[in-house]
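Chemist: One structure follows; several queries about it will come next.
The values are calculated or read from the model by the stated rules, or taken from the named source; none is laboratory data. It should be emphasised that the depicted structure is a prediction, and the values quoted were computed from it without experimental measurement. Here the Cβ is made from the backbone with ideal geometry for all residues, glycine too, and neighbour counts use every protein chain on show. Protein only, heavy atoms only, side chains kept; ligands, DNA and RNA dropped before computing areas. Shrake-Rupley method; radii C 1.70, N 1.55, O 1.52, S 1.80 Å.
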Amino acid sequence: LMCAGYIAYLGAFTLPYREEVLQSWKEALEEKEVPCASAFKLATVLGEPVKIRDWTIDGLPNDSFSVDNAIVMSKSRRWPLIIDPQGQANKWIRNMEKKNSLAVVKLTDGDFIRKLESSIQFGFPVLLENVGEELDPTLEPLLLKSVFKQGGSMCIKLGDNTVEYHENFRFYITSKLRNPHYLPETSVKVTLLNMMITIDGLTDQLLGIAVAKERPDL
């Protein structure tokens with residue numbers, strides 16, 4: 001229950017605020033006598049150690065905040081829109097999806113829709129970089145996953161074109177804005193994730209680096 005709430009609501013917030021909300025949820029559960037663990041951590045419930053290790057090898061920062069964000073991204077049904085002013089998520093996604101022929105596009109590219117169409121058709125992942133506070137209306141069917149069956153295969157309509165939809169297709173959106181204000185109608189179509197580094201996250205990352213250097217056996 002706590003994980004579902006975390007994935008649905010807490011992605012857009014900073015670490016201290018997430019912890020505050022989780023604490024209040026825990027107290028509410030205790031009040032209603034719903035059994036729950038004394039300390040809740042998303043990574044212990046939904047995290048797969050092997051997967052997390054792969055993510056960190058691909059460049060995901062090794063602090064709990066980033067790991068939680070990656071878990072939310074992998075478990076949510078909507079495509080992620082990541083607030084990423086330091087570019088850490090961008091670097092991680094590029095490394096993680098490189099072997100799957102990742103297409104990196106910007107809304108300003110002339111052939112942006114064409115690249116998107118061919119990736120959807122062949123099941124290649126797409127990273128849409130540097131978006132502002134508004135998304136291209138053409139992306140609407142993709143964000144809503146408006147997939148339909150036509151002639152025995154799954155299809156999606158992009159603009160005027162109908163494209164075959166490959167089930168392996170993945171879509172990531174990153175923004176370099178530090179504090180973007182997305183309209184509610186945008187927010188409900190994506191999973192908003194805040195991957196901006198805070199002092200706590202930085203401390204956590206530095207600890208990880210220090211331990212790796214000083215005590216690699218750990």
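Chemist: Select, from LEU42, LEU29, the only residue that is of a type in the set (A, V, I, L, M, F, W, C) and crowded, with 16+ Cβ neighbours inside 10 Å.
Modeler: From the options LEU42, LEU29, the qualifying one is LEU42.
Chemist: Quickly run through the stretch 197-207 and pick out the residues that are surrounded by fewer than 17 Cβ atoms within 10 Å (Cβ to Cβ) and either modelled with pLDDT of 90 or more or in a loop (DSSP other than H, G, I, E, B) (or both).
Modeler: Selection gives THR198 alone.
Chemist: Would it be correct to say that GLU129 is more than 19 Å from ILE82 (Cβ to Cβ) and surrounded by 15 or more Cβ atoms within 10 Å (Cβ to Cβ)?
Modeler: Spelling it out, it is not the case that GLU129 is more than 19 Å from ILE82 (Cβ to Cβ) and surrounded by 15 or more Cβ atoms within 10 Å (Cβ to Cβ).
Chemist: Given the conditions (1) of a type outside the set (D, E, K, R); (2) loosely packed, with under 15 Cβ neighbours inside 10 Å; (3) over 25 Å from LYS176 (Cα atoms); (4) touching a strand residue (DSSP E or B) at 6+ places or on another chain (Cβ under 8 Å), which single one is not true for GLN121?
Modeler: The single condition GLN121 does not satisfy is (2).
Chemist: Let me ask another. In the stretch 46-94, how many residues are part of a loop (DSSP other than H, G, I, E, B), open to solvent by 20 Å² or more (accessible area, probe 1.4 Å) and among the acidic types (Asp, Glu)?
Modeler: Residues flagged as part of a loop (DSSP other than H, G, I, E, B), open to solvent by 20 Å² or more (accessible area, probe 1.4 Å) and among the acidic types (Asp, Glu) within the stretch 46-94 amount to 2.
Chemist: Right, something else. Is it the case, given these coordinates, that GLY110 is loosely packed, with under 13 Cβ neighbours inside 10 Å and farther than 21 Å from ILE199 by Cβ?
Modeler: Criteria met by GLY110.
Chemist: Provide a single number: the residues in the stretch 95-132 that are part of a loop (DSSP other than H, G, I, E, B) and on the phi < 0 side of the Ramachandran plot.
Modeler: 10
Chemist: Pull up the stretch 47-90, narrow it to residues that are in contact with a Ser or Thr (Cβ under 7 Å, 6 or more places away or on another chain) and charged (D, E, K, R), then point me to the one that is farthest from VAL147 (Cα to Cα).
Modeler: Result: ASP84.
Chemist: So LEU142 passes all but one of these: (1) within 17 Å of the chain's Cα centre (by Cα); (2) over 26 Å from GLU185 (Cβ atoms). Which condition number does it fail?
Modeler: Going through the list (1) within 17 Å of the chain's Cα centre (by Cα); (2) over 26 Å from GLU185 (Cβ atoms), LEU142 breaks only (2).
Chemist: Name the single residue, out of those in the stretch 28-45 being of a type in the set (D, E, K, R) and assigned to a loop (DSSP other than H, G, I, E, B), that is nearest to SER74 (Cα to Cα).
Modeler: Filtering the stretch 28-45 for residues that are of a type in the set (D, E, K, R) and assigned to a loop (DSSP other than H, G, I, E, B), the one nearest to SER74 (Cα to Cα) comes out as LYS41.
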